[in-house]
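A.B. asks: Here it is: the structure, laid out below.
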Amino acid sequence: MSNGKQGPLSGIRVLDFSTLLPGPMATLMLAEAGAEVVKIEHPGGENMRRFLPYWGKESVLFAMLNRGKKSVAADLKDPAVRDRVLALAKSADVVVEQFRPGVMARLGLGYEQFRAINPRIIYCAITGYGQSGPRRDRAGHDLNYIGDAGLLALSSGQSGHRVVPPALIADIAGGSYPAVMNILLALRQRDLTGEGCLIDVSMAESVFPFMYWAIGAGLGAGYWPADGGERITGGSPRYHLYETRDGKIAAVAALEQKFWQSFTAAIGLEAKFVDDERDKAATVARVGEIIAGKTAAEWLPIFDKADCCCSIVQDLRAALDDPHFKARGLFAPKLVNEKGDALPATPVPIERALRPGATSDASAPALGAHNAEFGF
């Protein structure tokens, strides 16, 4: 994937035992920063290779998450194969896995086994609930983690119309991002001490920083936020979704007083509704009536001129074609498949100057494509 430039993680080898989303997204970011990421897959390949829709021979979802990595197919239950995997620890810097707690150790591939071979190894284990505690062995997915952490209860939609969040918050923001952050910190610590470490990433725990404001209100002031009733969860006229005449959605985020004044003046809101603390429901209703009186196309220039933190919600297809994101080069890196077809690679939040492959085309690896390179 490199275009000849040295990335900040050039020379770092990552052994990636993870599957599906949290771990692979984390190691994708490491690969984009120049690390050599070696996926260790079971002989049939990880399940995401077979997820629909297909793009060429394999899943486009797999391809999007595994651009620029290498693949080794290995039966970890075979002692001889396991020993070859452990031998890679001598030249590895980082291990990433997301099995349930104890599984890798039972396979003979836990942190202690790797550390015995290479004390400098950084071992990152991503799980739902962490390596300890009453829930450590419980199965779960994103919806369970944000539900257990209390995040989902802050804005779950109206009764009878519950909303499943469109983003996998715990998987990516609670799993992938903390994994990358802590791996980078551990690499820096290793520079200082010469020692590696075990990183215990709990996706459920990592959701709590998103609720700092709610935690503060509850613990500091004794006020526990209501479902969908707070300033940033739909309870304020200033931070709300309103439907336009043609069924589009106006996203109003005029929180600060100067923006609220600009917004209300731009839409012609009557003075008795501008003081939104007087009767929030009445203000929401009246703003909704006004927004419903024009189409999205009619509102756009009004919002732009007012500079009031208001926009029209666009669908994903439109966002991918948005001139702003194109001008920023967000979708410039390309993912290619075995047929030579190309599409924009998964955007990652890493500065392009720190990504040696940002201007290069790259593919996801075929299963076991690098077995010979690593002696399997």
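Only the coordinates and a few stated rules stand behind these numbers; no lab work does. The structure presented is a predicted model; accordingly, all values stated were derived computationally and were not measured. Cβ: placed from backbone, ideal geometry, glycine included. Neighbour counts: every protein chain shown.
A.B. asks: Lys/Arg Cβ at +1, Asp/Glu Cβ at -1, dipole of segment 278-352 taken about the Cα centre: which of LEU330, THR295, SER311 is farthest positive-ward?
C.D. replies: SER311
A.B. asks: May I pose another question? Work out the FRET efficiency for ALA342 and MET181 from their Cβ-Cβ distance, taking R0 = 41 Å, and round it to the nearest 0.05.
C.D. replies: 0.85
A.B. asks: Can you give the local net charge around LEU335? Use residues other than it whose beta-carbon is closer than 10 angstrom to its beta-carbon, Lys and Arg +1, Asp and Glu -1.
C.D. replies: My count for the surroundings of LEU335 gives 0.
A.B. asks: Could I ask something else about it? Among the DSSP beta bridges whose two residues both lie in the chain, what percent are antiparallel, rounded to the nearest 5? Intermediate results must be reported in sequence, preceding the final value.
C.D. replies: Numbers: 16 of 39 bridges.
Percentage antiparallel, nearest 5: 40.
A.B. asks: Between ASP322 and ILE232, with labels modelled 7 Å along Cα→Cβ, what's the label distance in nm to one decimal, could you check?
C.D. replies: It works out to 1.8 nm between the two label points.
A.B. asks: Still on this model: Could you tell me which residue out of SER159, ILE169, ASN371 lies farthest along the dipole of the chain toward its positive end? Charges go on the beta carbon: Lys and Arg +1, Asp and Glu -1, centred on the Cα centre.
C.D. replies: ASN371
A.B. asks: Now for a different question. How large is the dipole of the chain about the Cα centre if only Lys and Arg carry +1 and Asp and Glu carry -1, each at its Cβ, rounded to the nearest 20 debye?
C.D. replies: Result for the chain is approximately 620 debye, rounded to the nearest 20.
A.B. asks: With +1 on the Cβ of every Lys and Arg and -1 on the Cβ of every Asp and Glu, and nothing else charged, how large is the dipole of segment 60-198 about its Cα centre, in debye rounded to the nearest 20?
C.D. replies: Values: 17 positive and 12 negative charges, 33 e Å.
Computed charge dipole of segment 60-198: roughly 160 debye.
A.B. asks: Could you tell me which of ILE350, SER18, MET203 has its Cα farthest along the dipole of the chain towards the positive end, charges placed at Cβ (Lys, Arg +1; Asp, Glu -1), taken about the Cα centre?
C.D. replies: My answer, from the dipole projection, is SER18.
A.B. asks: Something else about it: Return the FRET efficiency for the residue pair ALA282, ILE117: r is the Cβ-Cβ distance, R0 is 45 Å, and the value is rounded to the nearest 0.05.
C.D. replies: So, using R0 = 45 Å, E works out to roughly 0.10.
A.B. asks: Let me ask something additional. Using amide H atoms built in the peptide plane, which far-off residues or other-chain residues are under 5 Å from ILE312 H to H?
C.D. replies: Under 5 Å from the amide H of ILE312 lie the amide H atoms of ALA251, each far enough along the sequence or on another chain.
A.B. asks: Within straight cross-link reach of LYS272, meaning Cα distance under 18 Å, which aspartates and glutamates are found once same-chain residues fewer than 8 apart are removed?
C.D. replies: List returned: GLU289.
A.B. asks: Also, quick follow-up: Taking amide hydrogens as modeled 1.01 Å from N in the peptide plane, which residues meet the under 5 Å criterion relative to GLU338, leaving out close sequence neighbours?
C.D. replies: Excluding prolines and chain starts, which carry no amide H, the hits are LYS57.
A.B. asks: Which whole-Hz ³J(HN,Hα) couplings does segment 338-351 yield from phi under the Karplus relation 6.51 cos²θ - 1.76 cosθ + 1.60, θ = phi - 60°, glycine and proline marked x?
C.D. replies: Taking θ as phi minus 60°, the curve returns 5, 8, x, 5, 10, 8, x, 6, 4, x, 10, x, 10, 3 Hz for segment 338-351.
A.B. asks: In sequence order, what are the phi-derived ³J(HN,Hα) couplings for segment 38-47 according to the Karplus relation 6.51 cos²θ - 1.76 cosθ + 1.60 with θ = phi - 60°, rounded to whole Hz, with x for glycine and proline?
C.D. replies: Going residue by residue, I get 10, 6, 9, 10, 5, x, x, x, 5, 4 Hz, with x marking Gly and Pro.
A.B. asks: A further question follows. May I ask you to order 171-183, 18-30, 330-342 by the average number of other C-beta atoms within 10 Å around their residues, highest value first?
C.D. replies: 18-30, 171-183, 330-342
A.B. asks: For the pair ALA372 and VAL313, how long in nm is the line joining their label points, each one 7 Å along Cα→Cβ?
C.D. replies: Result for the modelled spin labels: 5.2 nm.
A.B. asks: Moving to a separate point now. If you count the DSSP beta bridges with both ends in segment 1-156, what percent of them are antiparallel, to the nearest 5?
C.D. replies: Working: 2 of 17 bridges.
Rounded to the nearest five, the antiparallel share is 10 percent.
A.B. asks: Which whole-number percent gives the relative contact order of segment 239-320, counting Cα pairs below 8 Å spaced six or more residues apart? Could the numbers behind the result be given before it?
C.D. replies: Values: 104 pairs, mean separation 35.3, N = 82.
About 43 percent, as a whole number.
A.B. asks: Give the long-range amide H neighbours of THR295: residues separated by 5 or more places, or on another chain, with amide H under 5 Å away, using H modelled in the peptide plane at 1.01 Å from N.
C.D. replies: ARG245
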